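Worksheet: the structure to be examined is printed underneath.
The values are calculated or read from the model by the stated rules, or taken from the named source; none is laboratory data. All values derive from a computational prediction rather than experimental measurement. Backbone-built Cβ (ideal geometry, glycine too); neighbour counts: all protein chains shown. All accessible areas refer to the heavy atoms of the entire protein, side chains included, with ligands and DNA or RNA removed. Shrake-Rupley method; radii C 1.70, N 1.55, O 1.52, S 1.80 Å.
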Amino acid sequence: MGYQGHFRVWRGSDEGGGLEDFTVEVNEGEVVLDVIHRLQATQTPDLAVRWNCKAGKCGSCSAEINGKPRLLCMTRMSVFAEDETVTVTPMRTFPVIRDLVTDVSYNYKKAREIPAFKPPAGVAPGEYRMQQVDVERSQEFRKCIECFLCNNTCHVIRDHEENKESFAGPRFLMRVAELEMHPLDEADRVQEAQSQHGLGLCNITKCCTEVCPEHIKITDNALIPMKERVADRRYDPIVWLGNKLFRNKS
Amino acid sequence: MPELERHSFDVLVIGAGGAGLRAAIEAREHGMRTAVLCKSLFGKAHTVMAEGGIAAAMGNVNSNDSWQVHFRDTMRGGKFLNNWRMAELHAKEAPDRVWELETYGALFDRTKDGRISQRNFGGHEYPRLAHVGDRTGLELIRSLQQKVVSLQQDDYAETGDYESRLKVFQEFTVTDLVLDDGKVAGAFGYWRESGRFVLFEAPAVVLATGGIGKSFKVTSNSWEYTGDGHALALRAGASLINMEFVQFHPTGMVWPPSVKGILVTESVRGDGGVLRNSDGKRFMFDYIPEVFKDKYADNEAEADRWYADPGNNRRPPELLPRDEVARAINSEVKAGRGSEHGGVFLDVSTRLPAEEIMRRLPSMHHQFKELADVDITAQPMEVGPTCHYVMGGVQVDPDTGASSVPGLFAAGEVSGGMHGSNRLGGNSLSDLLVFGRRAGAGASDYVGGLSARPVCSDEAVAEAERTAVAPFSGSDAAGENPYTLHMELQQAMNDLVGIIRRAEEMDQAVKRLEELKRRAATLVVEGHRQFNPGWHLALDLRNMLVVSECVARAALLRTESRGGHTRDDFPGMDADWRRKLLVCTLTGSSVEVVEEPQLPIRSDLLALFEQSELQKYLTADELEG
Ligand code: SF4
Ligand code: SF4
Ligand code: FES
């Protein structure tokens, strides 16, 4: 059942580093994170890795496995051949702190720049009424576990450090869409999405959608509708003035 | 030695799960400069794992529900050992806390008339759990996180600094509280990444650190659950109660080995899933205890009718409180009627159409598909008990969350009393919100009433620092490895103070713990303080050991079975024991456990129960008085 697997893991810090080779035991039913933990316990006690739930629910253990952005805890070893080398590297878009742990503060910074939910004036807590069909669109986006794999993947910032300032990334553009589609939210963030959060930089390649472990249709259901919104409004601003059709149309 | 990093706040909240974030929001709204210290990244706390829902008697699905009914269910679930005042506050305030989440932007599943939908759950008489599919914990964490951000945005608008009033210090571990003449003066700890030490000066600390599951081998809890807050409280001089009560969730995954213990939500059963043994028999009908006979169906036909017509049928026994179901599974496996990997079968595939399963239990479907290669719409799951929750914790004042140490507060899983001997599913998330808010307010009022701020003395800080670096200074020759010690501790707790307990085994456990404690004094870790998991574990072990000792010693003393404490040698529930709490304190390095009388239940609350029911729990003179 068990076998000796070949791993190549990136080790280093913000000052640089490189891939190191390991031979390590792999057992039936294990995921990549189990093997990383075995390395920690038997060969490299100071190997840095971030994790928490080990069930794909907290979004802590994001990394790149054979070049693909993935969750370490949800990548089963059985998807690799026994003689295949499994290469594990940190997310590339964010600065490395150590080994597999990156500095994801970019994401927290962007989260703060999106104006929060604005509760409806005059509706007391307990009096909120919303139909299931109307909350479902935003609920899809709220499945997000904030693994930031989508932001890590998006070429707008993956290869262009300079865009980070003006681009919130798919995760937080989706957050704008989520709030805009909230049936009771009273703020308006549409123009801001374009002017301040970089919606225009997205050219709908759908790479973000492909890596999302929650299978959220980020591009089709959040980004494209937002783009249409912006375009509509440019074309005929009157239609949208003080109007909330976006969230109410079903 | 580099200069010690120092910060000063009014209120420190340790832990960023549901209770911690709700406490922090409250303290900030009371005008306190507030810091949240958490071991993981902001938004990753263990609360995200909660699946089923938040119990609150809103009566949206069944208008017969009320706080009184919720209170009754909670007391029944806890076998009347609960702190009745906490159970009362909880039942009364939970609806407001849920509605408040909507003002933070939470989006719960809806009823047809647009209100928050509520689902059935074990031990709850009516559909009561507000939920979002099976990812309610994530919704709760995210809503609180986003509320924190929105408060920070307000502060930014006003002061130009997002963090001027509410700041989160993430990936940070607190190792000790600093006291000044018995009062809280601050907290000492380290950045997990750099190992650098930090002193937080603050007159009030709210513990919201969650549970202790990592002391057990099979657990649904994440690495963060090392009993930090329990241990910090003990070392600061506070007391813990009810530590003998540990909840084993009946349904954890049992296979593959690397995911053993991960939770399978109770909603699977709430939504129609049934438990079967290897003979294909729905065995729960054989395990309905006397006290529940009038509420649970004794045949399949009636149980199945209940889903559509709960008014005229009794509930399926799969929905008995968690302790009952866990014990039943344990017995089936012991009797040789278990599944291949030592569990039983939980089947929803023959009970609901595939698309309905996908709609109601999407994350369970995902979890089994990805981790076990099982399609729950076509196959049964294999499940078995897993250490899930500790009912015991810091003894607090119900209204304010204050412990016996001035300036020290606790809320959520780290506090004790609310759930008595056994917690109902869904009562955890509501507990976090109700008592998180109360502890945040309690801490704020306490700080507001202080005439002078306690001071962190240099000696106390130096002492905390010495303790934290101790594992580096052991002599290598005899030194113990933290990973080995941890494994031995988990094995001992699992085998000797687990789901079924006996005096001899617990005696053995206490001895084993003494030995582990001795060996822990010679723990040695290699390397330096920069991200060093071995060192982190060595410091966490100090907490796990003292908390485990509380569990074992209290369990040995309580010679009855009740809720999350089942004894082979004392299988019955004893009304005299209901009136007693076991209180743990720490003197030097020894845990002491003493009996304390439980406060009698207030008469108007007692009047909510039928006399015939009270007879099952209360002593004769209590019933007369
Ligand atoms: S669809 Fe847009 S946001 Fe997503 S990866 Fe492509 S460019 Fe980036
Ligand atoms: S949208 Fe998907 S990929 Fe992006 S952060 Fe959320 S869960 Fe991760
Ligand atoms: S550890 Fe939580 S998603 Fe992997």
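Taking the stretch B:392-498, which trypsin sites (Lys or Arg not before Pro) meet the DSSP loop condition and have no more than 16 other C-beta atoms within 10 Å?
Details: sites: B:ARG423, B:ARG437, B:ARG438, B:ARG466; in loops: B:ARG423.
Sparse-neighbourhood loop trypsin sites (Lys or Arg not before Pro): none present.
Please compute, over every Cα-Cα pair in the stretch B:440-597, the percentage with a separation greater than 30 angstrom.
Details: 4371 of 12403 pairs.
Tail of P(r) above 30 Å: 35 percent of Cα pairs.
Between B:ASN312 and B:GLU514, what is the spin-label point distance in nm, taking each point 7 Å from the Cα along the Cα→C-beta axis?
The modelled label-to-label distance comes out at 6.4 nm.
Relative contact order for the stretch B:259-352: what percent, with Cα pairs under 8 Å and sequence separation of 6 or more? Could you put the intermediate results ahead of the total?
Values: 108 pairs, mean separation 33.6, N = 94.
Once divided by the residue count of the stretch B:259-352, the mean separation gives 36 percent.
Against the longest alpha carbon principal axis of chain B, how many degrees, from 0 to 90 and to the nearest 10, is the axis of helix B:84-104 turned?
Taking the Cα atoms of chain B, the angle to B:84-104 is about 80 degrees.
Counting residues in chain B as N, plug N into 2.2 N^0.38 Å and put the Cα Rg over that result. Write down the numbers at each step before the final one.
Working: Rg = 23.5 Å, N = 625, 2.2 N^0.38 = 25.4 Å.
Here the Cα radius of gyration is 0.92 times the empirical estimate.
So who's got an amide H within less than 5 Å of the one on B:LEU581, skipping anything under 5 residues away but keeping other chains? H placed 1.01 Å off N, in plane.
B:GLU596, B:GLN598
Return the long-range amide H neighbours of B:ARG192 (sequence gap of 5 or more, or a different chain), with a cut-off of under 5 Å between placed amide H atoms.
Those lying under 5 Å, H to H, from B:ARG192 are B:PHE172, B:THR173.
On the protein heavy atoms, probe 1.4 angstrom, tell me the percent of accessible surface of the stretch B:338-473 carried by carbon and sulfur.
Numbers: 2330 of 4480 Å².
Accessible surface attributable to carbon and sulfur in the stretch B:338-473 totals 52 percent.
Over the heavy atoms of B:ASP568, what accessible area does a 1.4 Å probe trace out, to the nearest 10 Å²?
80
Report B:HIS419's accessible area, 1.4 Å probe, all protein chains in place, as a number in Å² to the nearest 10.
The accessible area of B:HIS419 comes to roughly 10 Å².
log10 I(q)/I(0), Debye, Cα-only the stretch B:107-242, no solvent, q = 0.13, 0.18, 0.22 Å⁻¹?
-0.88, -1.20, -1.29
Run the helix sum for chain A: -39,500 (n - 2.57) per DSSP H stretch of 4+ residues, divided by residue count, reported at 222 nm to the nearest 500 deg cm²/dmol.
Numbers: 11 runs with 83 residues, N = 250.
Theoretical 222 nm ellipticity from helices: -8500 deg cm²/dmol.
Express the accessible area of the protein assembly as shown per residue in Å², computed with a 1.4 Å probe while the remaining protein chains stay in the model. It would help to have the intermediate numbers written out before the result.
Details: 30790 Å² over 875 residues.
Each residue of the protein assembly as shown exposes 35 Å² on average to a 1.4 Å probe.
Calculate how large, on average over all directions, the projected area of the Cα convex hull of the stretch B:318-422 is; give the answer in nm² to one decimal.
On the way: hull surface 38.0 nm².
Taking the Cα atoms of the stretch B:318-422, their convex hull projects to 9.5 nm² on average.
Buried accessible area between A and B (1.4 Å probe, both chains summed, ligands and nucleic acids excluded), in Å² to the nearest 100?
On the way: alone 12840 and 22930 Å², together 30790 Å².
Buried area between the two chains comes out at roughly 5000 Å².
Each residue of the stretch A:153-165 in turn: what ³J(HN,Hα) in whole Hz from Karplus with 6.51, -1.76, 1.60 and θ = phi - 60°, glycine and Pro shown as x?
With the stated coefficients, the stretch A:153-165 comes to 7, 4, 5, 4, 10, 4, 9, 9, 3, 5, 7, 4, 4 Hz.
Quick one: Karplus J couplings for the stretch A:17-26, per residue in order, coefficients 6.51, -1.76, 1.60, θ = phi - 60°, nearest Hz, x for Gly and Pro?
Rounded to whole hertz, the list is x, x, 7, 10, 8, 9, 10, 8, 5, 10.
Take B:LYS217, B:LYS334, B:LYS295 and sort them by solvent-accessible surface of the protein heavy atoms, 1.4 Å probe, largest at the top.
Reading off the accessible areas and sorting them downward yields B:LYS334, B:LYS217, B:LYS295.
How about the stretch B:204-247: which of its residues lose at least 20 Å² of accessible area in the presence of all protein chains relative to their chain isolated, using a 1.4 Å probe?
Buried by 20 Å² or more upon assembly, which counts only protein chains, are B:SER222, B:TRP223.
Hey, what does the equivalent ellipsoid look like for the stretch B:1-137, semi-axes from the Cα gyration tensor as sqrt of 5 times each eigenvalue, largest first, whole Å?
Numbers: eigenvalues 212, 64, 41 Å².
The three semi-axes for the stretch B:1-137 are 33, 18, 14 Å.
Under a crude label model (7 Å from the Cα following the beta-carbon direction), how far is A:HIS155 from A:ALA81 in nanometres?
For the pair A:HIS155/A:ALA81, the computed spacing is 3.0 nm.
Looking at this model, which pairs from B:LYS39/B:LYS79; A:LYS68/A:LYS217; B:LYS260/B:LYS334; A:LYS164/B:LYS167; A:LYS54/B:LYS39 are more than 25 angstrom apart at the alpha-carbon?
Numbers: B:LYS39/B:LYS79 34 Å; A:LYS68/A:LYS217 18 Å; B:LYS260/B:LYS334 18 Å; A:LYS164/B:LYS167 23 Å; A:LYS54/B:LYS39 16 Å.
As for pairs spanning more than 25 Å Cα to Cα, those are B:LYS39/B:LYS79.
By accessible area of protein heavy atoms, probe 1.4 Å, what ranking do A:SER62, A:SER166 get, highest first? Walk me through the numbers before you get to the answer.
On the way: A:SER62 10, A:SER166 55 Å².
Order by accessible area, largest first: A:SER166, A:SER62.
Per q in 0.21 Å⁻¹, report the Debye log10 I(q)/I(0) for the stretch A:15-146, using one uniform scatterer on each alpha carbon and no solvent.
-1.35
What FRET efficiency, computed as 1/(1 + (r/R0)^6) with R0 = 35 Å and r the Cβ-Cβ distance, is obtained for B:SER194 and B:LYS334, rounded to the nearest 0.05? Walk me through the numbers before you get to the answer.
Details: r = 49 Å, r/R0 = 1.40.
Calculated transfer efficiency: 0.10.
Checking the table A:LYS57/B:LYS92; B:LYS147/B:LYS183; A:LYS143/B:LYS44 against a 20 Å threshold on Cα-Cα, which pairs fail?
Distance filter (> 20 Å) returns A:LYS57/B:LYS92; B:LYS147/B:LYS183.
With θ set to phi - 60° and the Karplus curve 6.51 cos²θ - 1.76 cosθ + 1.60, what are the ³J(HN,Hα) couplings of the stretch B:52-69 in order, to the nearest whole Hz, using x for Gly and Pro?
Those phi angles translate into x, x, 10, 7, 7, 7, 7, x, 6, 9, 10, 6, 6, 6, 7, 4, 5, 5 Hz.
Can you show me the helix-derived [θ] at 222 nm for chain B, built from DSSP H runs with n ≥ 4 at -39,500 (n - 2.57) apiece and divided by the number of residues, rounded to the nearest 500.
Working: 19 runs with 235 residues, N = 625.
The helix-only estimate for chain B comes to -12000 deg cm²/dmol at 222 nm.
Percent of accessible area on the stretch B:83-158 owned by carbon and sulfur, 1.4 Å probe? Write out the running numbers ahead of the final one.
Numbers: 830 of 1860 Å².
That fraction is 44 percent.
Give the percent of DSSP beta bridges with both residues in chain B that are antiparallel, rounded to the nearest 5. Intermediate results must be reported in sequence, preceding the final value.
On the way: 45 of 71 bridges.
So the antiparallel bridges amount to about 65 percent of the total.
What whole-number value in cubic angstrom gives the convex hull volume per residue for the C-alpha atoms of the stretch B:423-478? Could you put the intermediate results ahead of the total?
Details: hull volume 8.5 nm³, N = 56.
Convex hull volume per residue, Cα atoms: 153 Å³.
Report, by chain and number, residues whose modeled amide H sits under 5 Å from the one on B:VAL168, excluding near sequence neighbours (fewer than 5 apart, same chain).
For B:VAL168, whose amide H was placed from the backbone, the distant partners under 5 Å are B:VAL36.
List the pair-distance distribution P(r) of the protein assembly as shown, using every Cα-Cα distance, as the percent of pairs falling in each 10 Å bin from 0 up to the bin containing the longest distance, rounded to whole percents.
Computed distribution, short to long bins: 2, 13, 23, 27, 21, 11, 3, 0, 0.
How much accessible surface area, in Å² rounded to 10, belongs to the heavy atoms of B:ARG579 with a 1.4 Å probe?
80
If B:GLU488, B:GLU224 are ordered by their accessible area, calculated over protein heavy atoms with a 1.4 Å probe, which sequence runs from highest to lowest?
Details: B:GLU488 65, B:GLU224 25 Å².
Solvent-accessible surface, decreasing: B:GLU488, B:GLU224.
Using the alpha-carbon centroid of each, what span in Å lies between the stretch B:393-467 and the stretch B:160-176?
Between the Cα centre of the stretch B:393-467 and that of the stretch B:160-176, the gap is 18 Å.
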